[in-house]
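Step one of this worksheet: look at the structure below.
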Amino acid sequence: MRIAEIERKTNETSIYVKWNLDGTGYGAINTGIPFMDHMLTLFARHGGFDLEVRADGDLDVDCHHTMEDLGLTMGHALTQALGTKEGIRRYGSFLLPMDESLALVALDLSGRPFLVYDVEPPADHIKDLDTALFKEFFQALAVKGGITLHIRMLSSGEVHHVFEAVFKGLSRALAEAVSPDPRVHGIPSTKGVL
């Protein structure tokens, strides 16, 4: 079973993540940030992951520490759940429309973290959440998850739709990358290691 359970505690946040890569799309999410709860719930659903997330952060300061630490903890859980990465597809991409918004997400579970983030949010905030913090989340996820991650917004409109397209696209691309490929024996790399 490709399941990981990670707890990360700092002076700023306490984050718990349990991630089953071979789930049914179940999400039990409570980050203290309602919009992020919505994004991670649909991420679990559209990726076919079972995902439990609890976060207690210094939201009285702002959302930065919680958003970044969510990415770090989820990336760690992904790495642990994947283990040696034997037999996986490794690459995934998805072009996802959400009404007027269109997101392209492409990734490689290469072990070489890199983020290309070409998203210009049409608004600075969603309620109290600074939309610039999504880049911090994705950067942290890529670093701890060892992901080469490209996120491009090809068409945008309403800010909610922009990030819904991104998260759904990410979940579909990641589901493809972690899925077993019956043609792959061992590590999917000519180097023999990822």
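The values are calculated or read from the model by the stated rules, or taken from the named source; none is laboratory data. Being a predicted model, the structure only gives us computed values, none of them experimental. Cβ atoms come from the backbone with ideal geometry, glycine included; neighbour counts cover every protein chain shown.
Residues are listed down the side, and each one gets a yes or a no for (1) at pLDDT below 95; (2) of a type in the set (A, V, I, L, M, F, W, C):
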{"position": "HIS38", "(1), (2)": "no, no"}
{"position": "THR41", "(1), (2)": "no, no"}
{"position": "ARG45", "(1), (2)": "no, no"}
{"position": "ARG54", "(1), (2)": "no, no"}
{"position": "ASP60", "(1), (2)": "yes, no"}
{"position": "HIS65", "(1), (2)": "no, no"}
{"position": "ASP69", "(1), (2)": "no, no"}
{"position": "GLY75", "(1), (2)": "no, no"}
{"position": "LEU78", "(1), (2)": "no, yes"}
Determine, yes or no, whether VAL143 is surrounded by fewer than 22 Cβ atoms within 10 Å (Cβ to Cβ), over 23 Å from ASN20 (Cβ atoms) and not basic (Lys, Arg). no
Near pairs, Cβ below 8 angstrom, 6+ apart or cross-chain, from segment 1-21 (part of a loop (DSSP other than H, G, I, E, B)) to any residue that is of a type in the set (Gly, Ala, Ser) and surrounded by 13 or more Cβ atoms within 10 Å (Cβ to Cβ): ARG2/ALA81; GLU12/GLY57; LEU21/ALA81
Being among the β-branched types (Val, Ile, Thr), modelled with pLDDT of 95 or more and either in contact with a helix residue (DSSP H, G or I) (Cβ under 8 Å, 6 or more places away or on another chain) or not in a strand (DSSP E or B) (or both): is that true of VAL193 here? no
Name the residues in segment 64-75 that are out of contact with any Gly (no Cβ under 6 Å at 6 or more places or on another chain) and either farther than 15 Å from THR10 by Cα or aliphatic (A, V, I, L, M) (or both), would you? MET67, LEU70, LEU72, MET74
Given the condition of a type outside the set (Ser, Thr, Tyr), out of contact with any helix residue (DSSP H, G or I) (no Cβ under 8 Å at 6 or more places or on another chain) and without any contact (Cβ under 8 Å) to a residue 40 or more places away in the chain, answer yes or no: does some residue in segment 87-95 qualify? no
Please work out which residue is surrounded by the fewest Cβ atoms within 10 Å (Cβ to Cβ), limiting yourself to segment 27-56 and to residues that are farther than 19 Å from GLY145 by Cβ and polar (S, T, N, Q). ASN30
Selection status of LEU59, closer than 22 Å to THR131 by Cβ and buried (at least 24 other Cβ atoms within 10 Å of the Cβ): no
Kindly provide the set of residues from segment 31-64 that are in a loop (DSSP other than H, G, I, E, B), farther than 17 Å from LEU21 by Cβ, among the hydrophobic types (A, V, I, L, M, F, W, C) and in contact with a strand residue (DSSP E or B) (Cβ under 8 Å, 6 or more places away or on another chain), ordered by number. ILE33, CYS63
For segment 79-171, give me every one of the strands (runs of 3 or more DSSP E) that falls completely inside it and has 1 or more residues that are under 15 Å from the mean Cα position of the chain (by Cα) and among the basic types (Lys, Arg). 148-155
Taking into account only those residues within segment 7-26 that are over 16 Å from PHE137 (Cβ atoms) and touching a helix residue (DSSP H, G or I) at 6+ places or on another chain (Cβ under 6 Å), which is surrounded by the fewest Cβ atoms within 10 Å (Cβ to Cβ)? GLY25
It is to be established whether one or more residues within segment 7-22 are at pLDDT below 95 and more than 28 Å from LYS191 (Cβ to Cβ). no
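Listed here are the residues, each with its yes/no results for (1) at pLDDT below 95; (2) surrounded by 15 or more Cβ atoms within 10 Å (Cβ to Cβ).
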{"residue": "GLY92", "(1), (2)": "no, yes"}
{"residue": "LEU96", "(1), (2)": "no, yes"}
{"residue": "VAL119", "(1), (2)": "no, yes"}
{"residue": "ALA132", "(1), (2)": "no, no"}
{"residue": "LEU149", "(1), (2)": "no, yes"}
{"residue": "GLU158", "(1), (2)": "no, no"}
{"residue": "GLU176", "(1), (2)": "no, yes"}
{"residue": "PRO188", "(1), (2)": "yes, yes"}
